[in-house]
Amino acid sequence: MHCNQIQTKKGKVWFCMEYGPGGKQVKRHGKTKKEAKKRVEEEIKRRERTGITSRQSKKITFNKFAKEWLKAYALTGVKRGSVRVREKEINILNKYFSKTPVAKITHLKYQDMLNDLSKKEYEESTISGVNTCAGMIFKFAKRNKLIEDNPRDGATIPKKRKTINSVKKNSIENKYMESEELSEFLNAVIKIGLELDKERFYTLAFSGMRPGELVALKKHDIDVKNKTINIDKTLYNENNNMKEYELTPPKNNGSYRVIGMDEKIIIMLKKLIHNNDVHKMKYRNLADDFHDQDFVFQRKNGYPFLTKNLATRMKRILKYTGIEKKLTPHSFRHTHISMLTESGVDLPTIMQRVGHEDPDTTLKIYTHVTNKMKLRSVEKVTTHHSDLLEKITF
């Protein structure tokens, strides 16, 4: 190592130089020769361990590195929808760390970010997603030797104090329709529903399929003879442009399934398919831009409807009911789980029917409904044997 003392405007300082990995010079200064020498040795060790220089790591900002991570993440085979979720989470992270070098993000700064998100009333699920996304980015940075420690390690998401209103809002009961509510909703569909509302909402209620799976259904997926529906795809549309849709594999391996359906639902869909075929022949004679892909739920030009249209129609119908729950088309999956549970169907069969590999959501509804059924069983006993109870005197 070569060291020498030089005169600067601020006084005398020591400069030391040594060749590090790759034959590159490593220079450091200090008030003393010992200090300058130590800094050179530490930098050489760091470069040997990480493969990058301290200057390089200091220049790479979070937003630039997050973009690189997202490109790599998109190539892992995840769905475009999952990538979009990560994009939104990165946007939140960029509010705090956008221009900050990745190497300068400390555990304390990261924990402060989580605390601030909690104060700003972000949902816990959103904060959890942001935390997961950040963990993957920092892990990627560590693997690429930009950082030595993951600032997310040991970080905790603040727990919000639960209120009576928040407990009611997040109650499992608010995620699905009770039998009476489903009846009220479907009655409203019959009375004031617009074109295709009856077919779509009845199919959702009695199949438990995801909204994306419903709008992706094609003519050949409906087996009239065996009264089944084949589910092997879902429809994704990032820009809500009817012509820019994409058919992708379902959510997971368990989502590939064939489900039995009530005969009336099958007959209803058979009639719809027949009407589609008749319309297609007429439309073809009038225009050459018909999208001939045999979607069951299609527009006049043959293009499939989007899940956004389902949500809009559902919101309209709910206004004609007394249902106060904030329900979405996805709520029909949970409603169907409730219907199956009340009918005595076992948990594994329910999971297979709705295409759930993770039992968490299914189990919560299943347990909740079975507990209510137990309570009702006591009421039935009481009602049936009320004459015996009347003999009790006080």
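Throughout, read-outs are computed from the coordinates displayed, never taken from laboratory work. Quick caveat: nothing in here was measured; it's all calculated off a predicted structure. Cβ placement follows ideal geometry from the backbone for every residue including glycine, while neighbour counts extend to all protein chains displayed.
Under the rule of at least 5 residues apart or a separate chain, name every residue whose amide H is placed under 5 Å from the amide H of residue 152.
The answer is none.
Using a 10 angstrom cutoff on alpha carbons, build the Gaussian network for the chain and name the most mobile of 120, 271, 233.
Highest fluctuation among the options: 120.
Can you give me the three principal axis dimensions of the range 174-379 from its C-alpha atoms, in Å, biggest first?
Principal-axis extents of the range 174-379 (Cα, largest first): 64, 38, 35 Å.
Quick one: order 340, 363 by neighbouring beta-carbon count within 10 Å, fewest to most. Walk me through the intermediate numbers first.
Working: 340 21, 363 15.
Going from sparsest to densest Cβ surroundings: 363, 340.
About the Cα centre of the chain, what is the dipole size in debye to 20, counting +1 per Lys and Arg Cβ and -1 per Asp and Glu Cβ, all else neutral? Don't skip to the answer; put the middle values down first.
Values: 80 positive and 48 negative charges, 640 e Å.
Around 3080 debye, computed over the chain.
For the chain, calculate the relative contact order in percent as a whole number, restricting contacts to Cα pairs under 8 Å that are 6 or more residues apart.
Details: 483 pairs, mean separation 47.1, N = 394.
Once divided by the residue count of the chain, the mean separation gives 12 percent.
When only C-alpha pairs under 8 Å and at least 6 residues apart count, what is the relative contact order of the range 174-379, in percent? Mind showing how you got there, number by number?
Details: 280 pairs, mean separation 58.1, N = 206.
Taking the mean separation of contacting Cα pairs over the length of the range 174-379, I get 28 percent.
When the chain is modelled as a GNM with alpha-carbon springs shorter than 10 Å, which of 100, 203, 76 fluctuates the most?
For the chain, modelled as a Gaussian network with Cα springs under 10 Å, the answer is 76.
For the chain, can you list the cysteines whose C-beta has no other cysteine C-beta under 4.7 Å from it?
For the chain, the answer is 133, because their Cβ atoms have no other cysteine Cβ under 4.7 Å.
Among the listed pairs 120/308; 264/319; 88/364; 191/227; 99/142, which are separated by more than 23 Å between their Cα atoms? Write out the running numbers ahead of the final one.
Details: 120/308 28 Å; 264/319 27 Å; 88/364 28 Å; 191/227 27 Å; 99/142 19 Å.
Over 23 Å Cα-Cα: 120/308; 264/319; 88/364; 191/227.
Let me have the 222 nm mean residue ellipticity of the chain computed from DSSP H runs of 4+ only, each contributing -39500 (n - 2.57), with the sum over all residues rounded to the nearest 500. Before the final figure, lay out each step's value.
On the way: 16 runs with 210 residues, N = 394.
The per-residue figure over the chain is -17000 deg cm²/dmol.
Listing 215, 369 from the residue with the fewest other Cβ atoms within 10 Å to the one with the most, what is the order?
Values: 215 25, 369 20.
The most exposed by this proxy come first: 369, 215.
For a protection proxy built on the mean count of beta-carbon atoms within 10 angstrom, sort 308-317, 205-214, 129-138 highest first, please.
Working: 308-317: 16.9, 205-214: 23.0, 129-138: 20.1.
Output ranking for 308-317, 205-214, 129-138: 205-214, 129-138, 308-317.
For the range 131-137, what does the Karplus curve 6.51 cos²θ - 1.76 cosθ + 1.60, with θ = phi - 60°, yield as ³J(HN,Hα) per residue in whole Hz, taken in order and with x for Gly and Pro?
For the range 131-137, the Karplus-derived couplings read 5, 5, 4, 4, x, 5, 5 Hz, x marking Gly and Pro.
Across the range 2-51, how many lysine pairs, 8 or more apart or on two chains, come within less than 18 Å at their alpha-carbon atoms?
Summing the qualifying lysine pairs gives 17.
Explain nothing, just compute: Karplus ³J(HN,Hα) = 6.51 cos²θ - 1.76 cosθ + 1.60, θ = phi - 60°, for every residue of the range 190-204 in order, whole Hz, x for Gly and Pro.
With the stated coefficients, the range 190-204 comes to 5, 6, 10, x, 8, 3, 6, 4, 4, 5, 6, 6, 5, 5, 4 Hz.
Determine, for 307, 349, 361, the number of other Cβ atoms within 10 Å of each Cβ, and report the residues in order from fewest to most.
On the way: 307 23, 349 10, 361 16.
So the ranking, lowest neighbour count to highest, is 349, 361, 307.
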